[in-house]
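Q: The structure is given below, and queries will be raised subsequently.
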Amino acid sequence: MRVAVVSPDAPGARRSPSSGGAGGRKPAGAPKSTAWSYEGDTGPDHWSRLRPEYALCGKGSRQSPIDIRDGIGVVLDPIGFEYQSSGFSVIDTGRTVQVNVGTGNSIEVMGRRYVLERMEFRRPAEERINGRVFDMGVHLIHKDAEGRIAVVAVLLDRGAEQPVIQTVWNNLPLERGEELPARTGIDLSALLPSDRRYYTYMGSMTTPPCKEGVLWMVMKSPVAVSSDQLAIFSRLYPMNARPVQDVADRLIKGPR
């Protein structure tokens, strides 16, 4: 089954309101802590002033995303991906499409094991490489036993259809805030590029409260996604990417 791209003028089409986030309305009864967005008075330039706990979004020294330039070329240990087919559910959060993944998926890197919790989509990709902007990106968000976060960023560029993304789109819920369990499994190893080389640096989460101390691994090679698949996400979220942040004095490692 394929998801059709619905014209915003079609009867019954789900519309993106002009406020409350990038293409998203704030769900009824949502707490005030959700009152950030990607535009206007609640957009990224204002996040740090919306709530005291968002202060790092403005004063942090290790913020993400960044434009990856001037990294040092080294031989990095490969990321030990241990992904397998597992159950999943999809939720349209009002700011992105989020996929909550079942147990049994993890990575091992630099001697630590991180368990995969979820993945989230961005348009355009928040990460840049030497100034290049990619059509979309997906963040695979992991956490270790001590609560440390590691994010694998996969860059998506226009090309052929991506089967894993199509599976996610096929299971989009009809209403925002509704989590829809899928009847099929998903194998996220099929979302990874065949070239597993990556860039790595220390940064933050890219949404409030912009928590720092996050290990980022940005895959060097993009993965193809079709024009139709891009159009489906753009219908929901034309733009939901935080602008690039100051690299400051951070060390960026990359493949030789």
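Each row is one residue, and each column tells you yes or no for (1) over 10 Å from the mean Cα position of the chain (by Cα); (2) surrounded by fewer than 19 Cβ atoms within 10 Å (Cβ to Cβ); (3) at pLDDT below 95; (4) of a type in the set (Val, Ile, Thr).
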{"position": "ASP92", "(1), (2), (3), (4)": "yes, no, no, no"}
{"position": "VAL97", "(1), (2), (3), (4)": "no, no, no, yes"}
{"position": "MET110", "(1), (2), (3), (4)": "yes, yes, yes, no"}
{"position": "GLY131", "(1), (2), (3), (4)": "yes, yes, no, no"}
{"position": "ARG148", "(1), (2), (3), (4)": "yes, yes, no, no"}
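Q: Give me the residue from the range 48-67 that is in contact with a Pro (Cβ under 9 Å, 6 or more places away or on another chain), assigned to a helix (DSSP H, G or I) and not aromatic (Phe, Trp, Tyr) and, out of that set, surrounded by the most Cβ atoms within 10 Å (Cβ to Cβ).
A: CYS57
Q: At pLDDT below 95 and surrounded by fewer than 20 Cβ atoms within 10 Å (Cβ to Cβ): is that true of ARG256 in this structure?
A: yes
Q: Let me ask something additional. Just the residues that are surrounded by 21 or more Cβ atoms within 10 Å (Cβ to Cβ) and either at pLDDT below 95 or under 24 Å from GLY104 (Cβ atoms) (or both), please, taken from the range 178-204.
A: ILE186, LEU188, LEU191, TYR198
Q: Here is a check on your reading of the model: is GLU127 over 17 Å from the mean Cα position of the chain (by Cα) and in contact (Cβ under 8 Å) with a residue 40 or more places away in the chain?
A: In short, no.
Q: Being outside any helix (DSSP H, G or I) and modelled with pLDDT under 95 is the requirement here; does SER18 meet it?
A: yes
Q: Here is a further query. So which residues in the range 230-252 are under 22 Å from MET217 (Cα atoms) and of a type in the set (D, E, K, R), if there are any at all?
A: Within the range 230-252, ARG242, ASP246, ASP249, ARG250 meet the criteria.
Q: What number of residues within the range 70-100 are touching a residue at least 40 places away in the same chain (Cβ under 8 Å) and either more than 19 Å from GLY177 (Cβ to Cβ) or among the basic types (Lys, Arg) (or both)?
A: Selection size over the range 70-100: 16.
Q: Let me ask something else. Would you mind finding the one in PHE81, PHE88 that is over 24 Å from PRO243 (Cβ atoms), surrounded by 19 or more Cβ atoms within 10 Å (Cβ to Cβ) and among the aromatic types (Phe, Trp, Tyr)?
A: Sole residue among the options that is over 24 Å from PRO243 (Cβ atoms), surrounded by 19 or more Cβ atoms within 10 Å (Cβ to Cβ) and among the aromatic types (Phe, Trp, Tyr): PHE88.
The values are calculated or read from the model by the stated rules, or taken from the named source; none is laboratory data. Nothing here was measured: the structure is a model prediction, and the numbers come from that model. All Cβ positions, even for glycine, are placed from backbone atoms using ideal geometry, and neighbour counts span all protein chains on display.
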